[in-house]
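The values are calculated or read from the model by the stated rules, or taken from the named source; none is laboratory data. These numbers were taken from a predicted model, which means no experiment stands behind them. Note that we place each Cβ from the backbone using ideal geometry, even for glycine, and neighbour counts take in every protein chain shown. The accessibility values were calculated without ligands, DNA or RNA, using every heavy atom of the protein model including side chains. Shrake-Rupley method; radii C 1.70, N 1.55, O 1.52, S 1.80 Å.
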Amino acid sequence: MSQAFDVLVIGGGPGGYIAAIRAAQLGFKVACAESSSYDDPKGEPRLGGTCLNVGCIPSKALLASSEEFEKISHHAADHGIKVGSVSIDSNKMVARKDDIVTKMTSGIQFLFRKNKITLLKGHASFEGKGADGYQVKIDGKTKETVIAKNVIIATGSKARHLPGLSVDNVLVCDNEGALKFDSVPKKLGVIGAGVIGLELGSVWRRLGSEVTVLEALPTFLAACDQGIAKEALKLFTKQGLGINMGVKIGDVKVDKKGVAVNYTDSAGKAVKLECDRLIVSIGRVPNTDNLGLDKIGLKVDERGFIPIDDHTCATSAPGVYAVGDVVRGPMLAHKAEDEGVLVAEVIAGQKPHIDYNCIPWVIYTDPEIAWVGKTEQALKEAGIEYKAGQFPFAANGRALGIGRADGFIKILADAKTDEVLGVHIIGPNASDLIAEAAVAMEFKAAAEDIARICHPHPSLSEVMREAALATDQRALNM
Ligand code: FAD
Ligand code: NAI
């Protein structure tokens, strides 16, 4: 007889595995299907999805290694520390990253056992619907069909590739290959100055690569507050990232020696970029490959996303939900997780809510960039009257002490009510500092609230308070 579940989750990434855990906490009988083995030595499906295996976690591990390398090579002397010649063993660095990934993914297996979640190893696809629920085929080393009353689709996304350019993940790489280079390329080309291009471009630049980034749009980091984007472009260019905006990629030739990218620059001039390796990071597309959506009457939208109800993540098939990168909204792990929790609670009859305006964004460059809420350009477009307060890290004792004084925090508050509408940071530890802003916005705080809250001294968080004071022209240390 087929195994039957109250909830079947398809995909073991941050959206899926968190949904499975929350559903199990709520007392449901839960299974989670996962098909990808990533680089598992035994070829077994691994939990954690893009984020843990080939995304957030490995990229941040490499960013940390390259930051250490840069600190020791270039900044130790500022502290009076003398070091001899510094070199990098990229294989060791990649092995460290792999260890972290293995620890994290096996941690989820432990959580599944703890919460009594059945792991179904293989590719899941809908076969149809019967009286007991949805029939879903699991195609792995063994094949079986399971029955589920509720199904949560959390199949994530995959890298978008350039038409006609095949990715071998050795010379031409998407995120998967770019996280496991066995040596530091002398010349690295990157197509796309988005989040992946800037983060991974920074890793290899710090380790010594000459990095050239080619971006189609004329505006740098168009989704960011443009005050922050301008500062970022200035700082990244100073660090040595070659960023070329407004280009049009032509043909790309690959041979044993490397890669040649022919493109037209923003002035219309034909240019050839020759590099040892190329990273293609031009966005990601939702993953609904062979999912059998048609068998249950579901269709994807024109961009490949599964349409859902904005409040409950329910699809038009009763009892079928979709979360994370496979649905609308930012492709972020914490957004996928929050939707996973929300759906499990919706199935349990609760009334959870996500405020998408309060989802923070972080780009893990150096300095980091982080924001939550509206940008200045969005407020202007919407005709909302606002006041801006900005404070630089250069006027903060802690930032000077740690030698990380580039950047600033900008707070945008409603001109009449003082409610915080957006917070934008470029600076050290922006990824942690933004959490205060997200909490403030979730509680509908005013800039005055942040300004009146006692912040520890000396700490980077004082810059947040000073920026809040600056919305009322009363910053104390400037
Ligand atoms: P995924 O994590 O993509 O998981 C989906 C899983 O479903 C996969 O494991 C897949 O194998 C499985 N699957 C698909 N189809 C089937 C099927 N039919 N049957 C069984 N299993 C199936 N986000 C951040 O918030 N912070 C970051 O720092 C960050 N860094 C990133 C760095 C890189 C290089 C990349 C590529 C992404 C990064 N992201 C980051 C984005 C983040 O990884 C995604 O938003 C997140 O993983 C989405 O979670 P998900 O559960 O929707 O999908
Ligand atoms: P992205 O959407 O961030 O950036 C892609 C860039 O490529 C854009 O600037 C786009 O204009 C450009 N582009 C598109 N087509 C092009 C072409 N033909 N030629 C030149 N440029 C072109 O996508 P990216 O960097 O691939 O990352 C995918 C997603 O993964 C992100 O949007 C984000 O959601 C997630 N991610 C999140 C991270 C984080 O939270 N820190 C880190 C890495 C990825």
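Taking segment 301-418 as the region of interest, the helices (runs of 4 or more DSSP H) fully inside it that hold 1 or more residues being within 17 Å of the chain's Cα centre (by Cα) and within 12 Å of ligand 1 (Cβ to nearest atom) are 333-347.
Within segment 257-268, being open to solvent by 30 Å² or more (accessible area, probe 1.4 Å) and either within 15 Å of residue 215 (Cα to Cα) or in contact with a helix residue (DSSP H, G or I) (Cβ under 7 Å, 6 or more places away or on another chain) (or both) holds for 262, 264, 265, 266, 267, 268.
Scanning segment 16-44 for residues that are in contact with a strand residue (DSSP E or B) (Cβ under 8 Å, 6 or more places away or on another chain) and closer than 26 Å to residue 179 by Cβ gives 16, 17, 19, 20, 32, 33, 34, 35, 44. Hey, any hits in segment 206-217 for a residue that's under 17 Å from residue 370 (Cβ atoms), more than 11 Å from ligand 2 (Cβ to nearest atom) and at pLDDT 95 or above? Within segment 206-217, not a single residue is under 17 Å from residue 370 (Cβ atoms), more than 11 Å from ligand 2 (Cβ to nearest atom) and at pLDDT 95 or above.
The one condition from (1) open to solvent by 70 Å² or more (accessible area, probe 1.4 Å); (2) within 28 Å of the chain's Cα centre (by Cα) that residue 116 does not meet is (2). Each residue in segment 18-35 was checked for being open to solvent by 30 Å² or more (accessible area, probe 1.4 Å) and either modelled with pLDDT under 95 or in a helix (DSSP H, G or I) (or both), and 3 pass.
Summed over segment 212-238, the residues that are closer than 20 Å to residue 261 by Cβ, away from ligand 1 (no atom under 16 Å from the Cβ) and in contact with a helix residue (DSSP H, G or I) (Cβ under 6 Å, 6 or more places away or on another chain) give a count of 1.
I'm checking my understanding of the structure. Among residues of segment 264-293 that are within 16 Å of ligand 1 (Cβ to nearest atom) and part of a strand (DSSP E or B), which one is nearest to residue 324 (Cα to Cα)? Don't jump to the end; show me each part of the working.
Our first condition is that a residue be within 16 Å of ligand 1 (Cβ to nearest atom); within segment 264-293, this holds for 277-293.
Next, from what is left, pick out any that are part of a strand (DSSP E or B): 277-280, 284-286.
Values: 277: 31, 278: 28, 279: 24, 280: 22, 284: 13, 285: 12, 286: 9 Å.
Step by step, filter segment 264-293, then rank; the result is 286.
So which of 188, 241 ends up being within 16 Å of ligand 1 (Cβ to nearest atom) and in contact with a helix residue (DSSP H, G or I) (Cβ under 7 Å, 6 or more places away or on another chain)?
Just a single option satisfies the conditions, and that option is 188.
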